[in-house]
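For reference, the structure discussed in these notes is given below.
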Amino acid sequence: MKNTLTIVVPCYNEQEVLPETVKELGDILEKLVDKNVITPKSKILFVNDGSKDKTWKLISKYTKEHNYVTGLKFSRNYGHQNALLAGMSVAVNYSDIIITIDADLQDDVNIIPKMIEKYNEGYDVVYGVRNSRKTDTFFKRRTALAFYSLMKKLGVNLVPDSADYRLLSKRATEGLLAFKERNLFLRGMVPLVGYSSTKVYYARKERFAGESKYPLSKMLHFALNGITSFSIAPIHLILYLGLLTVAISIICMVYVIIEKCLGHVVSGWSSLMISIWLLGGIQLISISVIGEYIGKIFSEVKHRPRFTIEEENYTRKMKD
Ligand code: UDP
Ligand code: MG
């Protein structure tokens, strides 16, 4: 049975790589259509995430040149995760299979046929997993490793070394879209959708052109969002810290009372200062973590739209 595939590609200032991306993904798509693996209605859907360069111009140009290229334009930059979700929510109505992939060609497009094979074997979710992190800097490798092990300790189910390169069936996509949260961390959400899943391994390459759109600040924010969106373990940690502090202070109290009874009272300026600083620090950390969650509640209860689509030609092309 043939299925319709849509490849969703988020793009933020990707004018340097886009021509090559269209070429490589287009080749794969055409080959799969020729081999009768997917229907000729299959498409590439570029989601322009408020790019400031010529990305949307290029997408519009390719939309006219190739029938299989479609585009969707955000009214501003909403971020990678929202771009992926928007692409999926538009594509799900007309596709049996959705593959998401970054625009920069770091992920090997040649495993797409293998992913579809796995889908045909009955898997609803196929993760693209990198088999090495050689192309990463030492720093990124270490931090990624630390992040995955921390998440595991916090009880969050992630597929290590899989980013947002994956295949989802129609029903898995619908399941994912039913998650109504605003703070998106898709790689944590996909395993929660369930269904049968498998992995396909590939070697991740260097970015084809341009530079990373994920500077350290965005990466840290993303990691923090992943933790606080998926786990309340930090709150428990504070509870334990508080209990420990109370226990220590009880011991101190006993000690102080004994000292007082024995008449060894010393005016302990230094210990006083230390406790003030220590307690002050603990309180500040606690307040900031609680604040983090209140911030989440704040943004969730507002139920703001996750994105606004300014322009979209996918639906029209699919209806033709
Ligand atoms: N991206 C996006 N919006 C953003 C930042 C990034 O749509 O605000 C896209 C970007 O165009 C790329 C993908 O997300 O297709 C991953 O970004 P990048 O390759 O720069 O991240 P890295 O691989 O360096 O982690
Ligand atoms: Mg990249």
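Would you report the distance distribution of C-alpha pairs in the chain as whole percents per 10 angstrom bin, up to the bin with the largest distance?
5, 23, 29, 19, 9, 6, 5, 3, 1, 0
Rule-of-thumb check for segment 2-48: C-alpha Rg over 2.2 N^0.38 Å?
Computed over Cα atoms of segment 2-48, the ratio equals 1.21.
For a protection proxy built on the mean count of beta-carbon atoms within 10 angstrom, sort 258-265, 101-108 highest first, please.
101-108, 258-265
Percent of alpha carbon pairs in segment 196-320 separated by more than 20 Å?
Summing the P(r) of segment 196-320 above 20 Å gives 73 percent of all pairs.
Quick check on segment 45-108: what are the equivalent-ellipsoid semi-axes from the Cα gyration tensor, as sqrt(5λ), descending, whole Å?
Output for segment 45-108: semi-axes of 17, 15, 13 Å.
Need one number: nm distance between label points at Lys114 and Leu272, each 7 Å from Cα along Cα→Cβ, rounded to one decimal.
About 6.9 nm, to one decimal.
Mean projection of the alpha-carbon convex hull of segment 72-225 over all orientations, in nm²?
Average projection, Cα convex hull of segment 72-225: 9.4 nm².
Please identify the helices of the chain, taking whole runs of DSSP H, that span at least 27 Å along their own axis as judged from the Cα atoms and have a mean Kyte-Doolittle score of -1.0 or higher.
233-262, 269-301
May I ask for the Kirkwood hydrodynamic radius of segment 66-146, worked out over all distinct Cα pairs and given in angstroms to one decimal?
The answer is 15.4 Å.
Calculate for the chain the 222 nm mean residue ellipticity that helices alone would give, adding -39,500 (n - 2.57) per DSSP H run of length 4 or more and normalising by residue count, nearest 500 deg cm²/dmol.
-17000 deg cm²/dmol
By per-residue mean of other Cβ atoms within 10 Å, what is the highest-first order of 208-216, 113-121?
Those peptides, ordered most packed to least, come out 113-121, 208-216.
Values in this text are rule-based calculations from the coordinates and carry no lab data. As the structure is a computational prediction, the values presented were derived from the model and not from experiment. Cβ sites come from the backbone with ideal geometry, for glycine too, and all protein chains shown count toward neighbours.
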